[in-house]
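Visitor: The following block contains the structure, expressed as structure tokens.
The values are calculated or read from the model by the stated rules, or taken from the named source; none is laboratory data. Computed from a predicted structure; not experimentally measured. Methodologically, a virtual Cβ is constructed for each residue, glycine included, from the backbone with ideal geometry; neighbour enumeration extends over all protein chains shown. The area values use the complete protein model at the heavy-atom level, side chains included, leaving out ligands, DNA and RNA. Shrake-Rupley method; radii C 1.70, N 1.55, O 1.52, S 1.80 Å.
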Amino acid sequence: MIRTNWTASPFTDGFCLDPFWDTALTWWTSNPDFTNCFQQTALVWVPCGFLWLMLPLKMYSSRGSRFRIRKWTWTSTAKLTLSVLLILLAFTDLCYSISVWATKGLGDLPDAVIVAAVVRIATFALSAFCIFLDRRRAKPSSAIMFVFWLLIATAAAVTFRSSLMHHLQNQQAPINNPQQQQFRFVMEMFYFPVVVVQFILSCWAEDFPELRQGMQKPCPEQFSSFPNRLTYWWITSLIYVGWRRALTNKDLWDLGPEDSSEVHSARLIDNWEQEMSRARLTPSAQLKWTTDLNAPQKIHSPSLTMALAKTFSRGLLISASLRLSNDLLVFIAPSLLKQLINFVEDKNQEPWKGFLYSSGMFVGSLLQVFALAHYFVISQRTGMHIRSAVVAAIYRKALRMSNAAKRSSTVGEIVNLMAVDSQRFMDLILWSAPLQIAIALYFLWNEMGLATLSGLASMLLLIPFNAFIAGRTKTLQISQMKQKDGRIKMMNEILNGMKILKLYAWEESFEQQVLDIREGELITLRKAAYLNSLSSFIMQLSPFIVALVTFTTFVMIDEANVLTATKAFVSLSLFNILRRPLALLPDVITATVQAKVSVDRVTKFLLNDELDLDSVRELPPNDPSSVIITNGNFAWERDGEKPALQNININVKEGELVAIVGQVGSGKTSLCGAMLGLMEKISGDVAVKGKIAYVTQQAWIQNMSLRDNILFGRAFDERRYDKVLEACALKQDIDMLPGGDQTEIGEKGINLSGGQKQRVSLARAVYSGADIYFLDDPLSAVDAHVGKHIFTHVIGPQGILHHKTRILVTHGIGFLPQTDAILVLSDGTVSETGSYRQLLTNNGAFAEFLRTYLTEGNHNEDEDPESAAVRNEILEEIVFKRGTSVSSGTSTLSKVRKVLRQGSNVSGMSKGMRHTDKNGILLENAEPNGVPLVPIGEPPVKGTKLVAIEKQETGKVSWSVYILFLRQMTWLVVSGIFSFYVLSNAANIGTNLWLNDWANDGKIPERANGTAWRDFRLGVYGGLGALQGVFIFLSLLTTATGQIHSSREQHEGMLKRIMRAPMAFFDTTPLGRIVNRFSKDVDYVDTVIPTNFRLWLNCFFQVVSTVIVICIGVPIFASVVVPLGMIYYVIQRFFIPTSRQLKRLESVSRSPIYSHFQESLTGSSVIVAQRQVDRFVLENERLMDVNNRSYLPSITAQRWLAVRVEFVGICAVFFAGLFAVLGRDRDWGVEPSDIGLSISYALNVTQILNMMVRVASELEANIVSVERIKEYTEVPLEADWIIPSRRAKPDWPAEGRVTFQNYQTRYRPELDLVLKGVTADIFPGEKVGIVGRTGAGKSSLTLALFRIVEAAGGSIVIDDVEIGTLGLHDVRSRLTIIPQEPVLFSGTLRLNLDPFHTYTDEDVWRALDNAHLRRFVTSLPDGLEHLVAEGGENLSVGQRQLICLARALLRKTKILILDEATAAIDLETDALIQTTIRDKFGDCTILTIAHRLNTIMDSTRIMVLDQGAVMEFAPPAQLLNDRESIFYGLAKSANLAP
């Protein structure tokens, strides 16, 4: 190497006494040193300039602190003292320099010395100020101060070494005066230790107790020093706990304010509103106002991407700058590798240079590790903030959506937006490949010259291919998300209606629908997987293709071009750098496309119409009216064909009780919705005054304690609370609960009866203390006695709401005389308005409304005197008005007595009749939903807990889970994957060893100059590369095939098991928990886990390949492989338990988000009407924060791992370089080509080691999804649906005889019997009423017939066949039930009637005709193909119940069970159903579970149950004649017997 001395002196004469830079002193020497000028300028100005440059940032960061600390800590005191000492040292230096200048003049004193002293004094004074500021603002540590003292200490170490070396060697410095040199030496001896101590102190964090005030478990990150945060040491304590034992939620730290969902969601909503405002203010929005229609109009669409960018710009910019730093640092190693190879070739170079190159690679790689680690944490943390804000925005929007938007966005779709689409924002990778590629090409140009252009051309040819991949991927992603939405929507409906599916034996039909959707989803997934395989194949092979093209061009364009070790392996290291961005390209394309699709989907959702709450204006407090509607026209959808309400004019005075009456479908509920702002106001004016409370027709109950349901977020006032409980008749129920009002109520009030749910809903409204109460038929679900109590004590003139405005929708005619006004609705218009007496006198629509109900009914001579008086008055008014004779009126009265008394309850009349079972389940009227709920696991203390806590595995994921995953991929596919990976990596090693050998050809003249040998080298190199590509493609293809097979197996296995699970499982498992399995966990199985598996295999084989290659090139490297491997293994095993458990905690904490969302969506009308949206939004954000408490430590722990594992990789690079340096001078036989190959591989393995552990931990963390799905494939099963060897005859049951033979049953093996030796014989065609006090076993008997619960003893025989010997579907499909709650599924009307398409259209129309629905269905545009909304929301409750009747008519089995099917519907629908049952099921055996005696008084026999046994079984007249009978007591308590 040619040695050329070079000096530089940029300063004027006299400023320095020697040059600023002198290569003879610094580079071309065995003992390098810096000039005094360099030490007095650069080593002083650069560190000090850094602090002055950072001062504005320092002041800005301190400005936001709210603390003003006065107390001094020992650390801040020591830091300040040392800064003062440094000021004194610098001042001493300045004074000495001034004294020299004064005595000897400037000739002996350079200006640089004086300037350096002044700069130090000013800078150390500034550092003292910064220390004071940090203490004052309670900053535990400062990154700026740490870097400043690190720079100062590094510079001081250089000057200290130089001064010490000169002093020890007694060399004469350029300063000729020995006294001055002695002074400088003494100053350095004092200065350097002080600076080192100051630097050490900057590594410690100060403790400010004020920072912990108000925090239960603060995160140690905010109290940690900068080095602690830099290396993520602060999370080591949590990882240690996770290593010792399984982590729990109690071990997790609280989120800081900067991570709060509330903060970020508020900022996103503000920026989104700005986007919306811009869209409204664009010229195109004002087109209708301009006359120049030809003027160009710029359309602005609200951009969610822009809103997100504005909201999270800080985090995105910081992560981008860190990524840029990483991309620049990554090129340090190839540059130093070139110098190291030259060093090994040139043995004349000084040894210290080799150590410098090795150390330089070590330091450069270390800085790269820190930059990359913090880039990932900040970007993922920002992603977490984005997800939280997006989920909050989706949740907020879902509550405020208009009715039309709700129909277009199903629950399943919105769940997918929250579960999957929001996650896509977190997965988006900030791709800086263009920059990396550009820099790599620059360095390649320096090595390969024009040949680089051929490599560039080969890369450019890949762009069209990538564009095609991106387009196809986006199309497939959109298709897959739509299919996923449909599947989740269907699953949501199935889970909501599971009991109905089991009672009707419809599970197979709906299971097949889900499987059909899933199959379409898998077809799309398969296409995407194959497309991704092709993309990954091209991208993994592209660096080799670029290298092959470049090397070929290089040696072909000029015969003088020889491929040396330097050119080959520096280029190879650059190609390896290119490999990363190009290999990431498919994942980046996929993530970008997925994010784009998700942004579009979320944007579309956020642009849905909202309820215009401003459509209802606020009346002034002094206005005498409470509700005013003027010329109102309302629709459920703005673009609907016809308004649901027309020409509405209402004026409700303050304090009035107004009743709304009308027939089914007349618009009663719609009118309430119009007043509340829940409908689209087409025209007119609506105004209300004061706070609002709303009680819906179908009660909405939350999954929380009874008390919390009533308080509804308000403060507990014991006096008011007790008063409300008493008025709403809830005292007795609560007193009988083991947990009192702290008893947990299950999802949808699963452990409450219909009447109890309605009373809790009413109590919630009453407790709210509102000014206006909208009560949508709350009395229909309770018995007459309780209804009378509630009306008297709550709603009526003497109730606790008598001074409030009450708007009551009711079918209870007996309450109408006590109202102040009545609104009569007919076909969406108010046909009459007035007082009760006025309307009777008018003999108009109201009188016709009453007459409708007074002409149907059952005959019964018993009459409650008080009720009879009211009803006689009604008859006198409306019958005689029409000139009807007295006898005719009396006859009519006789007919209607029972109908008018509808609601006399068997079990709700006397105290002591309500009780609870041993699990704290509230029982009234019937076992709710037919089955007493029993939590999975041990019952909690006092019976307050109902819903089982979600199962959470602990410890290491069982190998059985991995084996299950591999087995579901099939062993043939798995063996193929491993074989192809081994072969592809073997081919890769072969190509590089061949290149290593090729690089030595330059030393052999005949090879270097022979074109034949060159072509041979190229051919073999290309052939090995092609072989590698084939094996890569085959491995990717087999992985994709196995991925699809595993996805199908896992989803299908879970679905089939869930569909066959007993009802007890669904009663105690929140639906959100199950939906979470089918959405998030299935998504992980579909896409994330296969990617983790593929990456882990890739990393594993690359690491093995690297170790083999390095050991071949530098055999002594094998001595450090074992120690480094052990360190790597220890770190991995220490880390993985924590990572795994954090993932489990994150998965478990995700389910409540979905459960809360589904619950909120169900009750959105109540939430919006009562202005509780903000509270529920805050609760959603709290649940998000709970989820993020486990997610944030998880991503931080990943970086903790990265820093440590990549440090192991950096050590591998360092030792490979160190052994190369040592081997050169010790003749170890190390060739430059060997060093180049070894270090290029070692550089590549640094990040691969980290990625391998990260991917391994992610795989173990994500495989939890397989574990969670596996858990649901092991839930208990019902009996077989079909037993082929024991099928029922086609016409069974032909007669309808039912015999109970000492029948016993219990709900779980460890529980007591609920039916104890029931023996009864029910004859064919008999009509049997089943009555009994609460908990007697009425519904249990029904469930036993359908085998929802199985026999513990005895048997049930139907037409001489014991039902226990048949399959469940053979039993359930031959019985018919009309349930109390009508459940419909989204889809066509025909699907809801006949999902298996068993019947002809003629049969279906006949059933609709008999169910009084023909007129309604024929009026629909699509007839039988009319689409029913999710949950039947586009049909009234009465219409839904009539559809259930049509189902029964269509099946027309010999046995019909009525589970109080008319308990919660209006009188008209009840009359229609009763008439149809008498006419069409006259020859059938009918079992009626009676909560109201009027429905079973005409039965053939009455079965009286008590404590699970048949106490009486005889005709009703016989039982009433026996005054000692239980039935007589029940009748008397209901005022039906004297």
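Visitor: The list (i) 1.45; (ii) 1.23; (iii) 1.15 gives values of Cα Rg over 2.2 N^0.38 Å, and only one came from this structure; which label was calculated from it?
Guide: Read-out from the structure maps to (iii).
Visitor: Distance in nm between label sites at Glu718 and Leu607, each 7 Å beyond Cα in the beta-carbon direction?
Guide: 5.6 nm
Visitor: Okay, moving on. Around Lys691, which amide H atoms from residues at least 5 apart in sequence, or from another chain, sit under 5 Å from its own amide H, with H modelled in the peptide plane?
Guide: Asp771, Ile772
Visitor: Evaluate the distance, in nm, between pseudo-label points positioned 7 Å from the Cα of Leu453 and of Thr1365 along their respective Cα→Cβ axes.
Guide: The answer from the label model is 9.2 nm.
Visitor: Calculate the dipole size of region 585-703 relative to its Cα centre from +1 charges on Lys and Arg beta carbons and -1 charges on Asp and Glu beta carbons; express the result in debye to the nearest 20. Each step should come with its number before you reach the end.
Guide: On the way: 11 positive and 15 negative charges, 40 e Å.
My answer is approximately 200 debye.
Visitor: Another question, then. If exposed means no more than 13 neighbouring beta carbons inside 10 Å and the site is in a DSSP loop, what's the longest run of the chain without any exposed GluC sites (Glu not before Pro)? Before the final figure, lay out the partial values.
Guide: Details: sites that count: Glu559, Glu641, Glu861, Glu1274, Glu1310, Glu1524.
Between the exposed loop sites, the longest stretch runs 1-558.
Visitor: Still on this structure, I have one more. For the chain, what is the accessible area per residue in Å², given a 1.4 Å probe and the full set of protein chains?
Guide: Working: 60080 Å² over 1538 residues.
With the other protein chains kept in place, the chain gives 39 Å² per residue.
Visitor: Region 171-263: Rg/Rh from Cα coordinates, Kirkwood Rh?
Guide: Numbers: Rg = 23.3 Å, Rh = 17.7 Å.
In region 171-263, Rg relative to Rh is 1.32.
Visitor: Hey, quick one: spin label on Ser831, modelled 7 Å out along Cα-Cβ, who in region 661-675 has an amide N within reach, i.e. under 14 Å?
Guide: 661-668
Visitor: Tell me, how many Å apart are the Cα centres for region 327-352 and for region 1429-1443?
Guide: Distance between centres, Cα-based: 78 Å.
Visitor: Further, regarding this structure: Gain in length, Trp72 to Val1122, computed as 0.36 nm per residue apart minus the alpha-carbon separation, to one decimal in nm? Could you put the intermediate results ahead of the total?
Guide: Values: separation 1050, 0.36 × 1050 = 378.00 nm, distance 4.93 nm.
Full-extension gain reported as 373.1 nm.
Visitor: Under 16 Å Cα-Cα from Lys79, which aspartates and glutamates qualify once same-chain neighbours fewer than 8 residues away are excluded?
Guide: Asp134, Glu206, Asp207
Visitor: Also, quick follow-up: How far is helix 42-63 tilted off the main Cα axis of the chain, in degrees rounded to 10, range 0 to 90?
Guide: Here the helix axis deviates by roughly 20 degrees.
Visitor: First compute the accessible area of region 1359-1511 with a 1.4 Å probe, then give the percent of it belonging to carbon and sulfur atoms.
Guide: Heavy-atom surface of region 1359-1511 belonging to carbon and sulfur, 1.4 Å probe: 48 percent.
Visitor: Still on this structure: What part of the accessible area of region 367-463, given as a whole %, is carbon or sulfur when the probe is 1.4 angstrom?
Guide: Numbers: 2160 of 3070 Å².
In region 367-463, the share of accessible area belonging to carbon and sulfur is 70 percent.
Visitor: Let me cross-check Trp52: its accessible surface, 1.4 Å probe, with only protein heavy atoms counted, in Å² to the nearest 10?
Guide: About 120 Å², ignoring ligands and nucleic acids.
Visitor: Given the C-alpha centroids of region 1113-1129 and region 651-666, what is the distance between them in whole angstrom?
Guide: If you average the Cα positions of each part, the centres end up 85 Å apart.
Visitor: Roughly speaking, to the nearest percent, how much of region 1249-1311's 1.4 Å accessible area is carbon and sulfur? Spell out each step's value before the answer.
Guide: Working: 1420 of 2840 Å².
Taking all protein chains in place, region 1249-1311 shows 50 percent carbon and sulfur surface.
Visitor: Report, for the chain, the % of DSSP beta bridges that are antiparallel, rounded to 5. Intermediate results must be reported in sequence, preceding the final value.
Guide: Details: 46 of 85 bridges.
Just about 55 percent of them are antiparallel.
Visitor: Kindly express, to the nearest 10 degrees and within the range 0 to 90, the angle between helix 718-727's C-alpha long axis and the longest C-alpha principal axis of the chain.
Guide: Approximately 40 degrees, to the nearest 10.
Visitor: Pull out the extension gain between Leu460 and Lys642, defined as 0.36 nm times the separation in residues minus the alpha carbon to alpha carbon distance; nm, one decimal. Don't skip to the answer; put the middle values down first.
Guide: Values: separation 182, 0.36 × 182 = 65.52 nm, distance 5.90 nm.
Gain on stretching Leu460 to Lys642: 59.6 nm.
Visitor: Within the chain, which cysteines find no other Cys whose Cβ is under 4.7 angstrom from their own?
Guide: Cys48, Cys95, Cys130, Cys203, Cys219, Cys672, Cys728, Cys1099, Cys1111, Cys1211, Cys1444, Cys1484
Visitor: Using Cα atoms only, what is the angle between the long axis of helix 178-202 and the major principal axis of the chain, expressed in degrees (0 to 90) to the nearest 10?
Guide: 10 degrees
Visitor: Right, next: Is it possible to state the helix-based mean residue ellipticity at 222 nm for the chain, with each DSSP H run of 4+ residues giving -39500 (n - 2.57), the sum divided by total residues, to the nearest 500 deg cm²/dmol? What is it? Write down the numbers at each step before the final one.
Guide: Numbers: 54 runs with 893 residues, N = 1538.
Computed mean residue ellipticity for the chain: -19500 deg cm²/dmol.
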